[in-house]
Amino acid sequence: MNDYCVITTANNKGGVGKTLLSKTMGEYASIILGKRTLLIDLDPQTNLSRRFIDMRLLSDGSEDYAPPIHPDWSSNDKEWDGVSSSADIWFSGEAIPYPTDIKGLDILPAHAQLLADVELVNKQDVYLKVVRRLRDFLFLPDVMSSYDLVVIDTRPSKGPLTTAALHASTHIVIPSEMEAPSVEGLFGMVALRNNINIGRSRDEQLKIIGILPNKLQLSTQVHREHMELLTSDPNIAPYILPVNIGYRTDYKKSMYRDVGSIFTFPPSNKARQEIQEVCRVIFDRVYG
Amino acid sequence: MTRKRFSVKDTHLQESIGAMLQEQNQVGEGRIETLPLQTIHTAEENPRYVGRITPAEIRDHRDGKIDLNQEVGDRVSFFESVQDLANSIARRGLLQPIIVREDTDGFKVIAGERRLLAHILLNKERIRAVVRPSAPEMEERAIRLIENLQRENLSFAELIRGIEELDSIFQMENARPMDSTELAAELHKHDSTCRRYLQVMRGPKDVRQAIDHGLITGLRPALALVDVHGEDERALILSRLKGEAITEDGIKNSPASISPIVQPETRRGRRRTKVNLGMVKNTATVKHLIALLLGEDQMDERFSSLDWDDLDQVQATWDTIIAEHDRSTPR
Ligand SMILES: Nc1ncnc2c1ncn2[C@@H]1O[C@H](COP(=O)(O)OP(=O)(O)OP(=O)(O)O)[C@@H](O)[C@H]1O
Ligand SMILES: [Mg+2]
């Protein structure tokens, strides 16, 4: 059975936990489910990449990050300059994922400046030049046979890169805070997904895995109110996942490069238990 | 393990995106042109001109006339970095045009010396460049801006934004950031004040945002926040002080003041009072105090899902409890 999936984490509101969730899903899939997983960082902030590999700060004063020399590169290799990034999908057309410390988990890191350049493409060219390209890449027979699953982390915008990710995906998952701006963005996300599906056949529909409430504190009135608002909206309610993520410092800790995966925390750790359950529900929906 | 190498060449995309970007004018100030290399000269007085290697020397290097073994470390690594850049340009094309300004004898490089040198190394004839408006035009803009900045009724946010724009004009002219003496000369203010303005203007992004959103309306609180190290710490302070104008004292007291606090706030003429139970270092003390105040039952109900290390959240929860009490307790 070919259950190759491409999951995109999206929400055009910033700081809602897209990167945290992308990271954790990638780790869950590789560590717990034993799936060969590829993470793709499409955010010029390179946040996800920096969790897994030692990104290099460009020395041009821009404070932008770029991937380091690939561990498999040797100076005899004249065909390749030793660096690969997700932007290469568009530029050189050749992408070489980096291994992470986790078995079965690779990452195609972001290159801040090159990705930013991809976003500059003219409006009328976006679909042909940016959007289709990612889909072509992700559905290359080579990619599909090398990985069981691809997880894409996006930037908080509806620009060409995020659009490309959504068009190339089989599933999306939407983390959201229960506060006004993120909640308002949800309606737009659902509408965008419906638009994408117009162009797809019945069995290729882009599925919303769900909306994942993050940093949720039901003792806070605003959070309660927004939850109520969403659960009473017929367009949104069906998508709200039956699990959520609370606000915990351990999630922040799990984002430090040297701390590593939350799945190496003790099984009794509350944050680990909570997010492991979230991942279980998410992957049940994907593979179930 | 064999390297995974995936290629999408030749599927849909005929021309590379890099080439496509060349045709676009997404470059802000100025127009894009493809200039002959010999019309461009480098600004040798530019302090960012690392290694101080001239176009002539690169030409010699290209023609094999320079023995790198005879060179000192700094210069060797500079030659190498130009070579690296040249390789990348040969492969992907020039992604970012260099920036030049028209002057009396051609064009002067404002940004992109290395890229220019890499082109020389590659023996190219032309380079893509953004041509910036000539000096008099910029001067005119700067004068207008300075007049504006000297207005009395400028908000702090407007002031900082204005200084930033002035600095960017200055950088286009001089290829280096403005210093406080230069700013002081333009604004007729004290050098030390100007140094602080620049410190805030070039400070962390989140502080700039808080200024832009009107959360911080003065130099002193802005500086106090710039002094707080760590984005998370600053975010915590900002969120704790949400909704009220931020003061220097508020910031300085904030990171340590983990005891239950109700922020002072006037509401319909009835003044709220801050209740501060003192300073603690140990979170367990906070937990203990709250347990004493609330009783175990209430404590379980309100704080069970809480991470006690996260004082931000503890504070938020405590604030709601106090507010509820305040509302329901008869005066
Ligand atoms: N449940 C949580 N508890 C505590 N901290 C969290 C939680 N979720 C996310 N964070 C923290 O909030 C910040 C933003 O999270 P993250 O980077 O995952 O969001 P994002 O949506 O990817 O942001 P951006 O839009 O900038 O890419 C990070 O510092 C992260 O560690
Ligand atoms: Mg992110």
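The values are calculated or read from the model by the stated rules, or taken from the named source; none is laboratory data. Given the structure is predicted, the values throughout are model-derived calculations rather than measurements. In this analysis, Cβ positions are derived from the backbone assuming ideal geometry, glycine residues included, and neighbour counts consider all displayed protein chains.
A:Tyr251 versus (1) modelled with pLDDT of 95 or more; (2) within 16 Å of ligand 2 (Cβ to nearest atom); (3) surrounded by fewer than 12 Cβ atoms within 10 Å (Cβ to Cβ): which is the lone unmet condition?
Result: A:Tyr251 fails condition (3) only.
Of the residues that make up the stretch B:205-223, is at least one in a helix (DSSP H, G or I), touching a Ser or Thr at 6+ places or on another chain (Cβ under 9 Å) and closer than 27 Å to B:Glu140 by Cβ?
No, the conditions are met nowhere in the stretch B:205-223.
Results for (1) within 16 Å of ligand 2 (Cβ to nearest atom); (2) closer than 27 Å to A:Ala29 by Cα; (3) at pLDDT 95 or above, shown as yes or no for each residue.
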{"position": "A:Glu63", "(1), (2), (3)": "no, no, no"}
{"position": "A:Asp77", "(1), (2), (3)": "no, no, no"}
{"position": "A:Ala95", "(1), (2), (3)": "no, yes, no"}
{"position": "A:Gly104", "(1), (2), (3)": "no, yes, yes"}
{"position": "A:His111", "(1), (2), (3)": "yes, yes, no"}
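Report, by residue number, each residue of the stretch A:254-274 that is within 16 Å of ligand 2 (Cβ to nearest atom) and either within 14 Å of another protein chain (Cβ to nearest Cβ) or in a helix (DSSP H, G or I) (or both).
A:Ser254, A:Met255, A:Tyr256
When you check A:Glu204 against the structure, is it charged (D, E, K, R) and either within 17 Å of A:Leu20 (Cα to Cα) or within 13 Å of chain B (Cβ to nearest Cβ) (or both), yes or no?
Values: charged (D, E, K, R): yes; either within 17 Å of A:Leu20 (Cα to Cα) or within 13 Å of chain B (Cβ to nearest Cβ) (or both): no.
Spelling it out, it is not the case that A:Glu204 is charged (D, E, K, R) and either within 17 Å of A:Leu20 (Cα to Cα) or within 13 Å of chain B (Cβ to nearest Cβ) (or both).
Among the residues of the stretch B:64-108, what is the count of those that are within 14 Å of another protein chain (Cβ to nearest Cβ) and assigned to a strand (DSSP E or B)?
Final tally of qualifying residues: 2.
Which pairs do you get when a residue that is within 14 Å of chain B (Cβ to nearest Cβ) and over 11 Å from A:Ile102 (Cα atoms), found in the stretch A:21-43, comes within reach of a residue that is polar (S, T, N, Q) and within 16 Å of ligand 2 (Cβ to nearest atom), reach meaning Cβ atoms under 6 angstrom, with the pair 6+ apart or on two chains?
Close Cβ pairs satisfying both conditions: A:Ile40/A:Ser86.
Would the stretch A:13-36 turn up any residue that is surrounded by fewer than 20 Cβ atoms within 10 Å (Cβ to Cβ), outside any strand (DSSP E or B) and within 13 Å of ligand 1 (Cβ to nearest atom)?
yes
Scan A:Arg135, A:Arg155 and give me the residue that is basic (Lys, Arg), over 19 Å from A:Leu48 (Cα atoms) and within 16 Å of the chain's Cα centre (by Cα). So that I can check it myself, show each step before the final result.
On the way: A:Arg155 fails: over 19 Å from A:Leu48 (Cα atoms).
None of the others qualify; the one that does is A:Arg135.
Might you check whether a residue that is of a type in the set (Lys, Arg) and within 30 Å of A:Asp284 (Cα to Cα) occurs anywhere in the stretch A:72-90? Spell out the reasoning first.
Kept after step one, since they are of a type in the set (Lys, Arg), are these residues of the stretch A:72-90: A:78.
When the remaining residues are screened for being within 30 Å of A:Asp284 (Cα to Cα), the result is none.
Taking every residue of the stretch A:72-90 in turn, none turns out to be of a type in the set (Lys, Arg) and within 30 Å of A:Asp284 (Cα to Cα).
Report whether or not A:Arg200 is in contact with a helix residue (DSSP H, G or I) (Cβ under 7 Å, 6 or more places away or on another chain), charged (D, E, K, R) and not in a helix (DSSP H, G or I).
When the stated conditions are applied, A:Arg200 does not pass them.
Going by the structure shown, is A:Ala29 within 28 Å of A:Leu186 (Cβ to Cβ), of a type in the set (A, V, I, L, M, F, W, C) and within 16 Å of ligand 2 (Cβ to nearest atom)? Don't jump to the end; show me each part of the working.
Details: within 28 Å of A:Leu186 (Cβ to Cβ): yes; of a type in the set (A, V, I, L, M, F, W, C): yes; within 16 Å of ligand 2 (Cβ to nearest atom): no.
Answer is no for this residue.
Filter the stretch A:1-10 down to residues that are in contact (Cβ under 8 Å) with a residue 60 or more places away in the chain and more than 10 Å from the chain's Cα centre (by Cα) and give me whichever is farthest from ligand 1 (Cβ to nearest atom).
The residue in question is A:Asn2.
Going by what's in this entry, would A:Val126 be described as more than 30 Å from A:Gly34 (Cα to Cα), surrounded by 23 or more Cβ atoms within 10 Å (Cβ to Cβ) and either within 19 Å of the chain's Cα centre (by Cα) or at pLDDT below 80 (or both)?
In short, no.
For the stretch A:189-209, indicate whether the set of residues that are without any contact (Cβ under 8 Å) to a residue 60 or more places away in the chain and within 16 Å of ligand 2 (Cβ to nearest atom) is non-empty.
No: the stretch A:189-209 contains no residue that is without any contact (Cβ under 8 Å) to a residue 60 or more places away in the chain and within 16 Å of ligand 2 (Cβ to nearest atom).
Please state which one of A:Gly288, A:Gly185, A:Gly199 is within 14 Å of ligand 1 (Cβ to nearest atom) and modelled with pLDDT under 90.
Just one listed residue meets the conditions, A:Gly185.
If only one of A:Tyr256, A:Tyr239 is of a type in the set (Ser, Thr, Tyr), over 27 Å from B:Glu301 (Cα atoms) and within 12 Å of ligand 1 (Cβ to nearest atom), which one is it? It would help to see each step written out before you state the result.
Working: A:Tyr239 fails: within 12 Å of ligand 1 (Cβ to nearest atom).
After applying the criteria, what remains is A:Tyr256.
Can you spot a residue in the stretch A:217-238 that is touching a residue at least 12 places away in the same chain (Cβ under 8 Å) and in a strand (DSSP E or B)?
No, that holds for no residue.
State which residue is nearest to the other protein chains (Cβ to nearest Cβ) when the search covers only the stretch A:148-159 and only residues that are buried (at least 24 other Cβ atoms within 10 Å of the Cβ) and away from ligand 1 (no atom under 16 Å from the Cβ).
A:Val150
Tell me which of these A:Phe91 doesn't satisfy, since it passes every other one: (1) farther than 29 Å from A:Tyr251 by Cβ; (2) modelled with pLDDT of 95 or more.
For A:Phe91, the failing item is (2).
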